[in-house]
Each structure stands twice: as C-alpha cells, then as structure tokens.
1. Spot the failing condition for Asn221; the list is (1) touching a residue at least 24 places away in the same chain (Cβ under 8 Å); (2) farther than 20 Å from Phe410 by Cα; (3) more than 8 Å from the ligand (Cβ to nearest atom); (4) not in a strand (DSSP E or B), and only one is missed.
2. Among the residues in segment 134-151, are any part of a loop (DSSP other than H, G, I, E, B) and farther than 30 Å from Gly31 by Cα?
3. Take the residues of segment 249-293 that are of a type in the set (S, T, N, Q), open to solvent by less than 10 Å² (accessible area, probe 1.4 Å) and assigned to a loop (DSSP other than H, G, I, E, B): which is farthest from Gly343 (Cα to Cα)?
4. One residue is enough: does segment 96-107 have a residue meeting the conditions farther than 30 Å from Gly195 by Cα, away from the ligand (no atom under 12 Å from the Cβ), touching a His at 6+ places or on another chain (Cβ under 9 Å) and open to solvent by 40 Å² or more (accessible area, probe 1.4 Å)?
5. In this structure, is Met391 open to solvent by less than 10 Å² (accessible area, probe 1.4 Å) and closer than 30 Å to Leu601 by Cα?
6. Return the pair list, or none, for Cβ contacts closer than 8 Å from residues in segment 264-291 that are more than 15 Å from His249 (Cα to Cα) to residues that are within 16 Å of the ligand (Cβ to nearest atom) and open to solvent by 30 Å² or more (accessible area, probe 1.4 Å), at least 6 apart or on different chains.
7. Being part of a loop (DSSP other than H, G, I, E, B), open to solvent by less than 50 Å² (accessible area, probe 1.4 Å) and closer than 17 Å to Met86 by Cα is the filter here, so list the residues in segment 601-621 that pass it.
Amino acid sequence: MAQVERQQWDVVVVGAGGAGLRAAIEARERGARTAVICKSLFGKAHTVMAEGGIAASMGNVNDHDNWQVHFRDTMRGGKFLNQWRMAELHAKEAPDRVWELETWGALFDRTPDGRISQRNFGGHEYPRLAHVGDRTGLELIRTLQQKIVQLQQEDFKEYGDHEARLKVFQECTVTRVLKDGARVSGTFCYERESGRFFVLEAPAVVLATGGIGKSFKTTSNSWEYTGDGHALALLAGAPLLNMEFVQFHPTGMVWPPSVKGILVTESVRGDGGVLRNSEGERFMFDYVPDVFKEKYAESEEEGDRWYEDPDHNRRPPELLPRDEVARAINSEVKAGRGSPHGGVFLDVSTRMPAERIKRRLPSMYHQFKELADVDITAEPMEVGPTCHYVMGGIAVDSDTAATVGVPGLFAAGEVAGGMHGSNRLGGNSLSDLLVFGRRAGLHAAGYASEGGARPVVSQEQIDAAAAEALAPFHAAEGAENPYTLHQELQTTMNDLVGIIRREAEMAEALERLAALRVRAARAGVEGHRQFNPGWHLALDLRNMLLVSECVARAALERTESRGGHTREDRPAMEREWRPVNLLCRPVDPPPADPAADRIVLVRTRTEPIRPDLLALFEKEELAKYLAEEELCE
Ligand code: FAD
C-alpha cells in the first residue's frame, strides 16, 4: 500500500500558464480554496514564450474594430469549424480581460496618444494585438503572478498563512485525475526533484496544461508540451475534439540544426516583413485562395500602401492565416525555390530602418544574432514551418468550460478544443487563455461549492497510480530507452502526420504508433526517483503516444483539407465536412494489450450556428463554407 500525503482543496488547477493562473485567480476570488500545480517553476510556463500579442477588438488603432469583426475573423480563420459560442464569448470578453490585466499592473506598449497600442497580425482585419514589444506572454504571466502574490498577501493578513487559500505546487507533475465513481475526486502527483508522491483531493479539477508539440520533431514548443492534459482527460473518460487540427506556424528558424523550429514571430510580417523565394519573388501573391481573394492585395504596391492607409487598400498576402502561409512556403521549397537551408527568406532589413527593427522586434534581433549569427537589420532570415499549436483538445461546454461526462472536470487554454476551429489566428490564444481561464475558474469554484458529500479518493486508486508511475524502474531485461522511443515518435509524427498528409502514410503512422506502444510498455530507467529526467520522459511517453494516436486517427478519418489539416490526396475543403466534429473517446475498459487501439472515433454534428451570428456574414461568403443542408436551413 502506497503511503502518500493527502491534502484537501476545493479546486485544483493543473498548469500555471495564462489559462491556469487566470482560472486560479478567479476560483480563489470566488471563495474556493485553490491549489495550482505545474511542471516548471512558477512563472516559467510556456505562455512566457508568447511574443506577438493578445487579440482584443479595443479599436485603439482603428476604431472600426469591434467584437463582431473579431468574431468574423476568428470564424473565417477556423474555416467555420469553431465552436461558435466560444468564438462569440471570446470576441466579446477579450477587451475586458486586457483592460483587467492593465488594472493589475501590465505595462502594454502605447499609441502616440497614450492608449494601449495594437498591431497587425495574420487574418485580423484591423490592428488588434495588444503587445509588449515581442515579449507579451512574459508580461502577461508576470502580471498574473503578481496578482496571485497579492491575493496571498491578503490571505496572510487574514489567516496568518500566505497559502491558506491559494497555493502553488511548482515543479510537480500530475499523472492521473482521480475519480469517485463518475465524478472527479482529485489528482495524483509527484515532485519532480524528489520523486515524492502526493495527492491533492478536490471535487473540481481544471486542466490547463497547454499543447502537444513535443510529439513532433520540428516544433516551437517547450519541453512541457507533452500532451499531458489531453491524456489525463482521456484516461479519466472525457473525449477529445477534432485532434486532426495541428497548426504548423509558417515561420520557424531552419538553421542552425540545434535551433530548428524556434519561432519567428508573426509580428515580423505584421510590422512589414515580406516573404521571398530564392528567385527574389514575393510568392505569397500566387497563393491567395478563392475564399480570401476579395480581402487581399493583388499587387506589391497595393500591399505596401496598406501599411500606411489600411482603409483604402487591401492587406498583403503575407498576412493570410497561418495555414495558408505555411502551405505556400512548403510548396515553394518543394518546387526548388527554397533558401539554402530548406526554408524561404523573411526580410525586414529592406523594409524598416535598423533602429525601428530593434525597437519593435527586440527578441527577434537577439534571437537571430545569438543563435544564427544573422543580423536581421541587414540581411533576411531563413524560415520554414514548425509545429506550433494544437487546435484540437478536450471537448468542453462553451460557457462553463466543463468537460463532457466527467462531473467536476474543467479545461481551459490550449488543452481545450473548439474555440479555434480548424486553425487559430495569431494572438487569439492569449485572449482565449484569459477569457476561458476565467470562466473555468468561475464554474469550477461554483461546482465545488454546490455542497453535498466530498468525493472520496480510494486507496486502491492511489496504489494503482503509484504502481503505474513506478513501472519504469521495474522494467525487465531488454528494457527500452525512453529517449530512443521519443525520437522515433517525433520522427513518425513529423514525417507521416505532419504539415502535408497522405492516407497511406497516416495508416503507416498508426502501425508504427502501435509498435511504439508495445515497446513503451517496456520503457525502463536507471537510478532513483530523485530528479531523474529519464523517468519523467518515460511517464510523459504514455501521454504523447495516446495523443499522437488521436491525431493520426482523426487525420485519417477526415477526408478533406481544412485549416491545420492538409491532405495531399484530398486537397479541397469540402462543405459536407463543415458540420462534422470528430470525437476521440477512450476504449472502455482500456485494453490490456498495448498493441490494441485505445481510441474510438465518433462522428458528431456541430451545433447549428445561431442566426444572428450568421447574419454577420454575406450570404455569398457563407455559401463557400456551409454544407448544402445548412444553407437550406
Ligand atoms: P501553458 O502556458 O503552456 O501552461 C501549461 C502549464 O501546464 C505549465 O505550467 C506546465 O508546467 C503545466 N503542466 C503541463 N503538464 C502538466 C502536468 N502533467 N502536471 C502539472 N503541470 C503540468 N499566442 C498568442 O495568442 N500570441 C502570441 O504572441 C503567441 N506567441 C507564441 C510564441 C511561441 C514561441 C509559442 C510556442 C506560442 C505562442 N502563442 C501565442 C501560443 C500561446 O503562447 C500558447 O497557446 C499559450 O501560452 C498556452 O497557454 P496555456 O495556459 O494553455 O498553457
């Protein structure tokens, strides 16, 4: 029997990025005793990497902007597969969340007349991204962290204990969501440094664990992105939604190899940077798809004029949504017009004075200088697509962030699905974190205070979770190395379920994943539980394999191309697929044989879009997206 410390809380928030911290603040302010738990140091979550900004239609730079325009842009970007109610709430509430951040101490860049400055980004009709240079995520996390410390200081005054009602467990990992019957009862966790197990008992758990990028070889994502929350939800019985949609950001570094995949922010293009091929052509003009033709410039002259006079010119095609730009770069490289290291050229040096580049894009200047010895004020960058964001995620109720079928389990931020449809617009994640982080905290606290008997964590579940976590120390002869397995997984996903997909390759990926699962069941590590990165990776592998299976299975099922899912064998976006959601559910009971499929794929219909929201679009535009029967309705 595993003897582990148990602590009682009302709400446990797994993840201390933007979504988790905003959820925790809300839950605590609503009176719930709240624990936050995260794998990294407090303040070091992946959100700090966010560069370009946070999208909110405040209309500070162009007063034509409003929530309806933001809603329209988000739906277009997501190719109308967005959970429309989430897109509506997001567009309506994002400005308040940004103002709120400012009242909590965030220092945004200003317009000349002193308002919060907003910059252009792909797919956004007006300048909409509030920003702090190209370090917006850092400021967002700093502000939320400061707010948490302020709440803890209030608690100290009242209870003599800073952590009486809000405590952060940093450098700790959750390996299981625990349940009492159908409902949530807490989380099983370990300290990464000591390997010590402990349990946080709570009637409500919010998953805010971010994305899945570490399953792919070339990615902009940090080490934390191993799909833990996605897997925790599935293992607890909650389905995942539309996992085939993975965003490949068009501009990651391609050289040198050690930094391949690191992000080159979209702000570079938003501020005037242009993409050229090896022949010096601004090739994006050749890649404007029909659905966007009316909104984008036809000539370089018009595109350039737009930066000065956006009301009388159309935007340059470098600012198309990310999926379009990533595919275009891929095509140029494939056609032999790439840069020396397999990307294309992104140039700001001929577009802006050096001083302006250093002021507007300080991180990019240093990133290229230090990592690639390239001075972006004097020469172009080489860039190519990199796995960046997952639109698919835990299926949630739009208003409450509650998961499906597991009472007490909530999800917010990148781990939750629906908001971005098949493709996220840049800047819409930071606003998503705040809007739905707040909502998750609000409803988790409400659920936890509903009364009734607290759920019970059984010793049996604790023993099972402890045995599962310790298994890598007991691997038999011929144990598999977790690092080797991880590399093979990343290669499989990158090569076979990457930016351009083909039926036979995805089927092969599923076979390889099954073989990797069998080997991962024998993953073994040496040494002790005290800080042991090999052990941590062995535990993360379970999650990455499970999530990768979902991505590959859903990608094989959706026989069309849409947003972040591009199939060479089915290149068109097909209107009949518009109202189709693909849900990944866990096989119940879980199969004992690791080679067996663990996911069942279920097709469901999307909820019809509310008529007043449909009325925000021209009929001709809707006809390009909606299925025949939806148009008739
Ligand atoms: P995160 O910030 O990733 O936080 C996840 C948390 O969960 C972490 O604290 C982690 O430790 C914890 N965690 C994970 N698993 C476990 C576990 N098993 N147990 C305990 N804790 C766990 N979006 C924009 O809108 N604008 C931008 O300008 C922008 N720039 C970006 C730049 C880069 C380089 C990248 C990679 C992304 C960018 N994005 C941007 C996307 C955006 O940053 C992310 O989508 C967003 O930060 C995710 O926030 P989150 O709160 O969901 O998760």
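The values are calculated or read from the model by the stated rules, or taken from the named source; none is laboratory data. From a predicted model like this one, the values you see are computed outputs, not experimental measurements. Neighbour counts run over all protein chains shown; Cβ positions are idealised from the backbone, glycine included. Just the protein is used for accessible areas: all its heavy atoms, side chains included, with ligands, DNA and RNA removed. Shrake-Rupley method; radii C 1.70, N 1.55, O 1.52, S 1.80 Å.
1. So Asn221 meets the others, but not (3).
2. Scanning segment 134-151 turns up at least one residue that is part of a loop (DSSP other than H, G, I, E, B) and farther than 30 Å from Gly31 by Cα.
3. Thr265
4. No, the conditions are met nowhere in segment 96-107.
5. Yes: the conditions hold for Met391.
6. As it stands, the answer is Asp271/Arg360, since those pairs meet every condition given.
7. Thr606, Ile609, Leu616
Residues checked against (1) among the small types (Gly, Ala, Ser); (2) closer than 25 Å to Ile262 by Cα; (3) more than 10 Å from the ligand (Cβ to nearest atom):
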| residue | (1), (2), (3) |
| --- | --- |
| Asp399 | no, no, yes |
| Gly408 | yes, no, yes |
| Ala411 | yes, no, no |
| Leu425 | no, yes, no |
| Leu430 | no, yes, no |
| Phe436 | no, no, no |
| Ala440 | yes, no, yes |
| Ala444 | yes, no, yes |
